[in-house]
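Okay, structure first, notes after.
Derivation of every value follows stated rules applied to the coordinates shown; laboratory data play no part. All values reported here derive from a predicted model rather than from experimental measurement. Neighbour counts are summed over all protein chains in view; Cβ atoms, including those assigned to glycine, are modelled from backbone coordinates with ideal geometry.
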Amino acid sequence: MQDINALKESLHSPKKVVIIPHQNPDADALGSALGLALYLKKQRHQVQVISPTDYPEFLHWMKGHADVLLFCDKTHRPKADRCIAEADLIICVDFCSLNRIDTMEEPIRQATATKVLIDHHHGREDFASIEFWDTEAAATCEIVYQIIDQLGERDKIDPDMAECLYAGIMTDTGSFRHPNTTQHVHQVVADLIGLGANASKVSKLVYDNNSVDRLRFIGYSLNQKLVVMDEYKTAYFAITSEDLRKFKSRQGDTEGLVNYALSIKGITMAAIIIDRNDVVKLSFRSVGDFAVNDLAAEHFGGGGHKNAAGGVSDLSLEDTLQKFLKLLPQYKDQLYHNQLQQKALHIT
């Protein structure tokens with residue numbers, strides 16, 4: 001595996017290690033960070049996970065969550081700054097460009113520690129001296145598993161570590177429904193289950209842990225906010241900051257909503273556009289060969305995977321929505337052709 005010998009050499013003696021997921025970490029980002037942290041602590045390293053921002057409550061079950069420092073929290077900031085300054089290794093997981101870590105970008109860019117990249121997204125920035133970057137991997141947690149295995153330490157994976165890694169792979173494959181669910185993915189999760197991961201428990205903690213407010217928000221969004229544009233094979237939600245306040249929306253409450261739009265028969269692309277007060281955020285999903293990461297990168301300063309990407313806008317919610325809608329005619333042929341391909345696949 002890429003740079004495995006360099007990493008092995010770096011970890012030969014006890015080190016001060018900082019592990020960083022991207023801003024607004026999802027299960028793959030936090031799972032890979034905490035799973036790796038648990039492993040490194042077993043190897044006698046001094047490890048601190050620092051998240052640029054907070055993350056959903058439905059991930060608080062992960063072992064090590066209570067020790068995570070939030071860089072955005074003023075009470076955590078002094079210790080976080082000290083850990084970064086004193087670190088021998090800084091390991092960046094589930095992102096490959098430093099603009100994905102919010103206000104941590106400059107401190108990490110200026111840090112003198114050896115930087116390690118572990119990720120599976122497109123758009124890699126050349127900032128790390130040790131890299132494990134595989135865009136064919138389904139999840140960063142899959143890569144972390146492979147690294148531990150390549151280090152000859154697979155037997156060190158305990159149930160807590162296995163469940164962190166399993167959660168990231170489960171969510172980034174859409175519960176093993178997305179095209180990135182390969183034979184290798186099934187082999188890895190089968191081994192994680194063998195090492196103690198409780199698949200039913202993890203699934204319930206991630207997917208069946210909703211607040212009443214979140215369920216009402218989803219119902220409201222489906223009833224009042226879902227727009228289907230058959231002529232462009234597109235469906236979208238535009239969520240205002242007032243909508244979020246009305247349903248007491250918390251971190252992670254909008255997670256997965258865009259997938260309801262994508263689940264509509266005949267839809268090629270789905271989008272959710274959310275007014276977060278300081279910025280408008282966009283999330284895109286698609287089926288088949290329609291590459292939403294290209295759309296996100298070209299028009300909304302974002303990126304991601306071919307079928308799952310995100311972006312941002314400094315325009316108002318309404319202006320951002322109008323910008324998105326004005327783009328659709330130029331993609332009409334691709335969106336329609338992709339739908340014909342999907343129908344042909346079903347027929348054959």
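Here are the numbers for the structure shown:
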| quantity | calculated |
| --- | --- |
| Antiparallel bridges, percent of DSSP beta bridges restricted to segment 226-293 (to nearest 5) | 60 |
| Tilt relative to the chain, helix 159-172 - C-alpha long axis, 0 to 90 degrees, to 10 | 30 |
| Around residue 157: net Lys/Arg minus Asp/Glu count, Cβ-Cβ under 14 Å | -3 |
| Where labels lie 7 Å past Cα in the beta-carbon direction, separation of residue 109 and residue 41 in nm | 3.2 |
| Straight-distance crosslink candidates among aspartates and glutamates, where the alpha carbon sits under 19 Å from residue 225 and sequence neighbours closer than 8 are dropped | 213, 242, 243, 253, 255, 275, 318, 319 |
| Of all DSSP beta bridges in the chain, antiparallel share, percent nearest 5 | 40 |
| Choice from 32, 316, 203 with maximal GNM fluctuation in the chain (Cα, 10 Å cutoff) | 316 |
| Calculated from backbone phi, Karplus (6.51, -1.76, 1.60) coupling profile of segment 111-116 in Hz, x at Gly/Pro | 5, 8, 5, 5, 9, 10 |
| Segment 1-63-segment 175-220 distance, computed between alpha-carbon centres (Å) | 20 |
| Full-stretch length increase - residue 265, residue 182 - with 0.36 nm per residue and alpha-carbon distance subtracted | 27.4 nm |
| Across 204/246; 265/306; 15/79; 16/156; 204/281; 246/323, pairs whose alpha-carbon gap is larger than 22 Å | 204/246; 204/281; 246/323 |
| Relative contact order (%) - the chain, alpha-carbon pairs under 8 angstrom, separation at least six | 13 |
| Rounded to 10°, Cα long-axis angle of helix 317-347 versus longest principal axis of the chain | 90 |
| Shape call, segment 189-297: gyration tensor on alpha carbons, a/c limit 1.5 | oblate |
| Segment 231-293: relative contact order as a whole-number percent, Cα under 8 Å and 6+ apart | 36 |
| Shape category assigned to segment 1-133 from the gyration tensor of Cα positions, a/c cut at 1.5 | rounded |
| Inter-label distance, nm, simple model (7 Å from Cα along the C-beta direction), residue 72/residue 332 | 4.0 |
| Angle in degrees between helix 183-194 and the longest Cα principal axis of the chain, rounded to the nearest 10 | 50 |
| Residue of 63, 326, 79 that the Gaussian network model of the chain assigns the largest fluctuation, springs spanning Cα pairs under 10 Å | 326 |
| Most mobile listed residue (292, 17, 280) in the chain, GNM with C-alpha springs under 10 Å | 280 |
| DSSP loop GluC sites (Glu not before Pro) with at most 15 other Cβ within 10 Å: longest gap in the chain | 154-348 |
